[in-house]
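The values are calculated or read from the model by the stated rules, or taken from the named source; none is laboratory data. Owing to the predicted nature of the structure, the values given are computational and were not obtained by experimental measurement. Note that each Cβ is placed from the backbone with ideal geometry, even for glycine, and that neighbours are counted across all protein chains shown. Calculation scope for accessible area: heavy atoms of the full protein, side chains included, ligands and nucleic acids excluded. Shrake-Rupley method; radii C 1.70, N 1.55, O 1.52, S 1.80 Å.
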There are 2 protein chains.
Amino acid sequence: MHYTRDNMAGLLRSHDINPTHQRIEIAHALFSRQEHLSADQVMAIVNTRHSETSKATVYNTLKLFLEKGLVREVIVDPSKVFFDPNTSPHHHIYEVDTGKLSDIDAEHVQISGLPPLPTGMVTEGIDLIVRVRRAS
Amino acid sequence: MHYTRDNMAGLLRSHDINPTHQRIEIAHALFSRQEHLSADQVMAIVNTRHSETSKATVYNTLKLFLEKGLVREVIVDPSKVFFDPNTSPHHHIYEVDTGKLSDIDAEHVQISGLPPLPTGMVTEGIDLIVRVRRAS
DNA sequence: ACAGCAATCTGGACTTTGTCTAATATCCGG
DNA sequence: CCGGATATTAGACAAAGTCCAGATTGCTGT
């Protein structure tokens with residue numbers, strides 16, 4: 001299945017998002033690349049094409065996608081948030097010197113021995129980040 | 001053992017840090033509380049006392065402490081970095097609605113099944129963050 | 001077609017966190 | 001007490017993100 005703009009409209013609708021021109025472009029930027037992009041990068045990509053999309057819209061749209069479960073937020077760099085079109089359970093490897101971020105499939109990763117949560121709390125998600133750097 | 005300012009001087013020296021007045025105050029803020037503090041919070045605490053410490057010094061000092069292994073950085077909130085005086089291996093629970101951050105001792109937590117690292121890479125650290133919220 | 005209305009988009013001002021710089025202050029050895 | 005290295009400072013700056021009031025878009029019913 002390819003990530004055409006038409007398919008993006010369907011994807012948005014299936015997540016209860018009104019598929020506007022700008023939203024389709026932003027979704028396309030994320031899904032056609034299958035990469036982790038910052039808001040900045042999304043804006044740059046979307047604005048190399050014909051139509052201009054404002055900063056406010058990029059941020060609003062990414063937040064909307066997040067709420068609707070279309071993308072995931074990855075917080076590894078203190079200076080910017082990355083948005084991840086892969087919402088299946090997985091973890092991340094972060095190369096601290098280059099900023100490169102890649103996925104680890106959660107399928108074979110086992111985390112055991114976590115203490116019980118405080119009462120009345122539910123888990124929203126577990127983020128596992130392996131920070132690596134080039135051996136010196 | 002109490003976290004007096006005198007003991008802070010020793011702690012700093014043992015980490016190869018010249019114990020100046022400002023550095024002692026900042027270390028004291030972190031270690032006497034044993035809490036996760038942001039740069040902002042550190043500055044607020046340090047400046048309620050007699051002496052004023054500039055923003056630049058607070059940031060410089062926290063970065064220095066980080067390099068010297070005196071504190072650890074915790075990246076869970078896109079808008080600010082927390083500094084953790086606990087450098088022993090441990091993980092974190094983050095309450096997404098309140099911003100409260102607490103420790104999970106790593107002793108009994110087992111993480112298995114991680115894939116091999118790309119060649120030439122070494123692990124700098126593994127961050128495990130359990131994001132929780134009040135059940136609704 | 002088109003008036004009315006809700007949803008969306010926009011530029012730009014604003015906030016916050018953090019960095020940088022050049023000048024000043026402090027400390028220490030001789 | 002001089003001189004150099006180390007530390008601190010105020011304030012300008014940068015980057016990410018938020019907010020708002022006004023303009024656009026795209027339905028809906030007639």
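Couple of notes before you dig in:
- Of the residues making up region A:4-18, those that are under 17 Å from A:Val46 (Cβ atoms), open to solvent by 30 Å² or more (accessible area, probe 1.4 Å) and of a type outside the set (Lys, Arg) are A:Thr4, A:Leu11.
- Close pairs from region A:45-61: first without any contact (Cβ under 8 Å) to a residue 40 or more places away in the chain, partner open to solvent by 40 Å² or more (accessible area, probe 1.4 Å) and among the hydroxyl-bearing types (Ser, Thr, Tyr), Cβ under 8 Å, at least 6 apart: none
- Selection count, region A:82-127, where residues are open to solvent by 30 Å² or more (accessible area, probe 1.4 Å) and in contact with a Ser or Thr (Cβ under 7 Å, 6 or more places away or on another chain): 2
- The set of residues in region A:101-136 that are out of contact with any His (no Cβ under 9 Å at 6 or more places or on another chain) and more than 10 Å from every other protein chain (Cβ to nearest Cβ) contains only A:Pro116.
- Scan of region B:47-70 for residues that are under 13 Å from B:Ala29 (Cα atoms), within 13 Å of DNA strand C (Cβ to nearest atom) and either of a type in the set (Lys, Arg) or not in a helix (DSSP H, G or I) (or both), ordered by number: B:Thr53
- Of all positions in region A:7-26, none carries a residue that is touching a residue at least 60 places away in the same chain (Cβ under 8 Å), within 16 Å of DNA strand D (Cβ to nearest atom) and within 26 Å of B:Arg131 (Cβ to Cβ).
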